[in-house]
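The values are calculated or read from the model by the stated rules, or taken from the named source; none is laboratory data. Predicted, not measured: the structure shown is a model, and the values here were computed from it. Glycine also receives a Cβ, built like all others from the backbone with ideal geometry; neighbour counts cover every protein chain displayed. The area values use the complete protein model at the heavy-atom level, side chains included, leaving out ligands, DNA and RNA. Shrake-Rupley method; radii C 1.70, N 1.55, O 1.52, S 1.80 Å.
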Amino acid sequence: MSNSKEKLFTEFQAPTTQEWLDKIEVDLKGADFNKKLVWRTNEGFNVQPFYRREDVLKLKTPDSLPGEFPFVRGNKKDDNTWYIRQDIVADDAAEANKKALDILNKGIDSLGFRIPGEKVSAAFIETLLDQIFCDIVEVNFHTCQRHALELAQILTAYFEKKGYDKEKIVGSIDFDPMKKMVMKGKDTSQVLATAPQLVEALKDYPQFRCICVNTVALNNAGAYIVQELGYALAWGNEYLQQLVDAGVDVDLAAKKIKFNMGVSENYFMELAKFRAARMLWAQIVKQYEPKCDCACKMCVNAVTSEYNQTLFDSYVNLLRSQTEAMSAALGGVHSLVVTPFDVTYETPTDFSERIARNQQLLLKEECHFNTVVDPGAGSYYVEHLTDSLAVEGWKIFLKVEEEGGFLAAVKAGTIQDDINATNVKRHGDAAKRKEFLLGTNQFPNFTEKSEGKRAVGCGCCCGKAKDSNSEPAFKAISSTRLAADFEDLRIHTEETKVPVAFMLTIGNLAMRQARAQFSCNFLACAGYKVIDNLGFKTVEEGVDAALEAKADIVVICSSDDEYAEYAIPAFKYLDGRAMFVVAGAPACMDDLKAAGIENYIHVRCNVLETLKEYNQKLGI
């Protein structure tokens, strides 16, 4: 055996980019390359069908190592460990403590407590944290913004009483007055003055952060990935600038800021988002001239999205949140919360919370996602996404800065308008099935019933009474989950009358089966009972079978060419005894319309509006 190292495939000449393009052009057989293969993202840039080494050589993202400025490759050098976090509503200190101790034995190593403002006290914290070792477990707290400073003072006194090493206390207080301004339009600007005092109270705890940026709220309102990225940077910079202007040392100020960001189902794009976010935030902090590059590290707690979760076929939410968790873990986040699959319609059960914990434990303990630092590095595709997101996110950041900063933009309402417009567009895309929601607007469970499940509202823990009677000072963000329109329609159908839709399949075997399947999926989105069939020899036979099945809707399913032969006779034979629908948009549509046939379902339909129209015609 030769001891020399051989390079494999050296006898093969690597094809050039142009040779790849020439081959693709041949395979496309004259079709437009850009229309067929280039992905036009919602984030403002195009994604090519393939990338090569030459595309990455011009990028800046691969230039640094993990743990090095600008931290695009992560804050850590040795591993990719993240905190597995679960949030607890702490209305009752003893009950919350009992639950915390229980889940700490089930794999959780980060706790998030939501404490009502009026219950913040030393005694409450003593009970809440009993037997919880805060120098081993990450502890995070959310309370009324006006009680945040009081909570910080109580916590520091508690930590000192317990004799904890201040270097080992990891956690946060979720102080973010601007969240209510951008989401609810409430003027909480007077609370911003508390921020420097809060930082001062916790200055001796280097790993305990207290100024938060909650763009997870934007994610749950439907924001595109690049919008969340750009506004997160502007939001964080607003806090950093205010702290520095108030005389807080820039290194201390930067190290006290934490980002709570959402994760949507766009797998690689979300992974790249966290890489781009760290890189851009590091560049922003660097402009303040900190003494140490470690101040430029971005600390991110990721939360899987609620915007794409569904009430019907809710176990599909597990698929969504699992890919989201993977994106966040591989993207190098500090901690992660997996939203339980049933949160849209009930207080999460012990079962759903256990599954949510296990989703992370699988990634860490069985898939070993915690062992490899920045696994996306070097991927031509991921590096391109990181760079493209950084470019577009930076444009949004600069636009906000030109408007006077994040706070000024919120007061002017431009950020709210932007997010609201995106939400409206996404609901419109879902209605047309340009954006898929598995189990809701595509491939619904035909036989599922709501069984009393109804969407739950916001679970704010404090300030309800004060806010309910006051008018918003600024524009607010108004949003519902992407599936809500279809869910409302389906529940209304279920509660009023469930019509029967009968597939009159005839003619060409392949086309009638394809169109019957399409039509069944289409109509089941509104909760209709659908009856598919193998095929009929004559339209009369099909109509008779439909009437015998007590059909409210008869959908003729055939090929475009055969509709000219079958559709009008079937329509006339049915004679108004049920609604008649043609599956498709055949060339002979004008002739069919002239004969009185007015209902058609096809891929260009607005599914939601069509189903609402059918409900109205059926008296539902």
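Among the candidates GLY393, GLY457, the residue that is under 29 Å from MET178 (Cβ atoms) and open to solvent by less than 10 Å² (accessible area, probe 1.4 Å) is uniquely GLY393. ASN521 - would you say it is of a type in the set (S, T, N, Q) and open to solvent by less than 50 Å² (accessible area, probe 1.4 Å)? For ASN521, the condition - of a type in the set (S, T, N, Q) and open to solvent by less than 50 Å² (accessible area, probe 1.4 Å) - is met.
Filtering the range 245-262 to residues that are surrounded by fewer than 24 Cβ atoms within 10 Å (Cβ to Cβ) and either modelled with pLDDT under 95 or aliphatic (A, V, I, L, M) (or both) leaves ALA246, VAL248, VAL250, LEU252.
A single member of LYS617, LYS572, LYS612 is open to solvent by 50 Å² or more (accessible area, probe 1.4 Å), of a type in the set (D, E, K, R) and closer than 18 Å to THR538 by Cβ, and it is LYS572.
In the range 46-61, which residues are over 27 Å from the mean Cα position of the chain (by Cα) and open to solvent by less than 70 Å² (accessible area, probe 1.4 Å)? Hits for the range 46-61 are ARG52, ASP55, VAL56, LEU59.
Please go through the range 289-342 and give me each residue that is assigned to a helix (DSSP H, G or I), open to solvent by less than 10 Å² (accessible area, probe 1.4 Å) and out of contact with any Ser or Thr (no Cβ under 8 Å at 6 or more places or on another chain), ordered by number. Scanning the range 289-342 gives ALA295, CYS296, SER327, ALA329. The residue of the range 405-433 that is surrounded by the most Cβ atoms within 10 Å (Cβ to Cβ), among those that are outside any helix (DSSP H, G or I) and touching a helix residue (DSSP H, G or I) at 6+ places or on another chain (Cβ under 8 Å), is ARG433.
Exactly one residue out of ASP591, ASP552 is of a type in the set (D, E, K, R), open to solvent by 10 Å² or more (accessible area, probe 1.4 Å) and out of contact with any Leu (no Cβ under 9 Å at 6 or more places or on another chain), and it is ASP591. Summed over the range 68-87, the residues that are charged (D, E, K, R), surrounded by fewer than 23 Cβ atoms within 10 Å (Cβ to Cβ) and in a loop (DSSP other than H, G, I, E, B) give a count of 5. The single condition among (1) of a type outside the set (A, V, I, L, M, F, W, C); (2) in a loop (DSSP other than H, G, I, E, B); (3) open to solvent by 10 Å² or more (accessible area, probe 1.4 Å) that THR194 does not meet is (2). Among the residues of the range 60-83, the ones that are at pLDDT below 95 and of a type in the set (Ser, Thr, Tyr) come to 2 in all. For the subset of the range 46-67 comprising residues that are in contact with a His (Cβ under 9 Å, 6 or more places away or on another chain) and assigned to a loop (DSSP other than H, G, I, E, B), which member is nearest to MET269 (Cα to Cα)? So, considering only residues that are in contact with a His (Cβ under 9 Å, 6 or more places away or on another chain) and assigned to a loop (DSSP other than H, G, I, E, B), the one nearest to MET269 (Cα to Cα) is GLN48. Taken over the range 263-280, the residue count meeting the criterion of being among the basic types (Lys, Arg) and surrounded by fewer than 24 Cβ atoms within 10 Å (Cβ to Cβ) is 0.
Of the residues making up the range 124-135, those that are touching a residue at least 24 places away in the same chain (Cβ under 8 Å) and open to solvent by 10 Å² or more (accessible area, probe 1.4 Å) number 6. Put simply, of SER64, SER110 the only residue that is more than 18 Å from VAL139 (Cβ to Cβ) and open to solvent by less than 20 Å² (accessible area, probe 1.4 Å) is SER64. Figure legend. Inter-residue proximity from the range 551-579: first residues touching a residue at least 12 places away in the same chain (Cβ under 8 Å), second residues surrounded by 15 or more Cβ atoms within 10 Å (Cβ to Cβ) and among the charged types (D, E, K, R), beta-carbon distance below 6 Å, spacing 6+ or different chains. Indicated pairs: CYS557/ARG512; CYS557/ARG515; SER558/ARG512; ALA578/ASP552.
The rows are residues; the columns are (1) under 30 Å from the mean Cα position of the chain (by Cα); (2) assigned to a helix (DSSP H, G or I); (3) closer than 18 Å to LEU198 by Cβ.
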| site | (1), (2), (3) |
| --- | --- |
| ILE125 | no, yes, yes |
| PHE141 | yes, no, yes |
| LEU151 | no, yes, yes |
| TYR164 | no, no, no |
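With respect to the conditions (1) more than 23 Å from GLU365 (Cβ to Cβ); (2) buried (at least 21 other Cβ atoms within 10 Å of the Cβ); (3) in contact with a helix residue (DSSP H, G or I) (Cβ under 8 Å, 6 or more places away or on another chain); (4) not β-branched (Val, Ile, Thr), GLY117 falls short on a single one, namely (2).
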